[in-house]
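Colleague: Got a structure for you, questions after.
The values are calculated or read from the model by the stated rules, or taken from the named source; none is laboratory data. Being a predicted model, the structure only gives us computed values, none of them experimental. All Cβ positions, even for glycine, are placed from backbone atoms using ideal geometry, and neighbour counts span all protein chains on display. All accessible areas refer to the heavy atoms of the entire protein, side chains included, with ligands and DNA or RNA removed. Shrake-Rupley method; radii C 1.70, N 1.55, O 1.52, S 1.80 Å.
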Amino acid sequence: MSTIQNRSATQSQKLMIFVLTMSLYGLATLFTELIPKFQVGLVEFSVEYFLFIPLTLAMLFDPLSAALGAATGELVFSEIMLGQFGGLGELEKFITVTIGVYIAGRMVKDPSNRVMVGVAAITGTAAQLLMGTIVDIAKVQFAVEDFEAVEGLPESVFATEGFAFCNDLLFSGILFCLLPTLYLVPKLYGKIEPLVGMQPRTPDSAVSGISPKAIVVCVIGFVCAVVAELAATAGMSLIDWEAEWAESGTALAAGMLVAAVLAVAVLLVMKKNGKAGAVG
């Protein structure tokens, strides 16, 4: 009996994409904990995240599954597995990462088009960073957090946060989001989709394009993120805990091991499915 490959992912395929993104991005976020930061004058060089992983998967597979997987992976592995949870304060990052990756994934109609892939990658990254910047400005403007001026910059929250946004976008955004995504998406296009029983995305694919409904949902989600972060900063974090072993070397190693095992398991299942489809 032959395996029918569909452009639109089934529920089992979406779950596989979700778990794969969650484990790979979770492993990547733990790895960034080991990379040191460098300060040169006003400019800080640091690896904030390897967002190219969910961006690549969102452009090749189901955008929403990859976006939710990335946000969940960061929450589970770089927060909970390290022995800490910030309650409502975690919701802001969860929503902004989901929106940024989702927008990028929906923008790409033809993954072999490097120009569109590049535009989508930098747009999704910029959207996530910009939303975080707006939230930080709102916390100061609504007086729920004290403003910490940076020496050498005008004593304005807009100047400070704007500089931080540009710094992160031009360093982490280009080196660890844009460039790897530009390489991986066209390289993997048409080769990795059969592993989950899907046909490669085409310009007429149902997952392509950003609808007005999707924009409205993203805006509502961002508003919820702002409200949640303001409430958390004001002291209404609800469930907020930190274990004695938080951010210890043991916790970091255990988290990386769990994420790696989970990722390998999903890849093995995908490989098995690919062989079954080829035989069928």
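Colleague: Please give the per residue accessible area of the chain, computed with a probe of 1.4 Å over protein heavy atoms only, in Å².
Modeller: Numbers: 13930 Å² over 280 residues.
Each residue of the chain exposes 50 Å² on average to a 1.4 Å probe.
Colleague: Can I ask one more? Sorted from largest down, give the three principal axis spans of the alpha carbons of the chain, whole angstrom values.
Modeller: Answer, in whole Å and largest first: 66, 41, 36 Å.
Colleague: Compute, for the chain, the length of the dipole vector about the Cα centre, with Cβ point charges of +1 (Lys, Arg) and -1 (Asp, Glu) only. Units Debye, rounded to 20. Walk me through the intermediate numbers first.
Modeller: Details: 15 positive and 24 negative charges, 414 e Å.
Result for the chain is approximately 1980 debye, rounded to the nearest 20.
Colleague: While we're here: Can you send over the carbon and sulfur percentage of the accessible area for the chain, probe radius 1.4 Å, protein chains only? Spell out each step's value before the answer.
Modeller: Working: 9390 of 13930 Å².
It is 67 percent, rounded to a whole number.
Colleague: Let me ask something else. Once you have the Cα-Cα distance between Ala260 and Lys272, take 0.36 nm times their residue separation minus that, and quote the gain in nm to one decimal.
Modeller: On the way: separation 12, 0.36 × 12 = 4.32 nm, distance 1.83 nm.
Difference between extended and current length: 2.5 nm.
Colleague: Using a Gaussian network model of the chain with C-alpha springs under 10 Å, which one of Pro54, Pro186, Pro212 is most mobile by mean-square fluctuation?
Modeller: Of Pro54, Pro186, Pro212, the Gaussian network model singles out Pro212 as fluctuating most.
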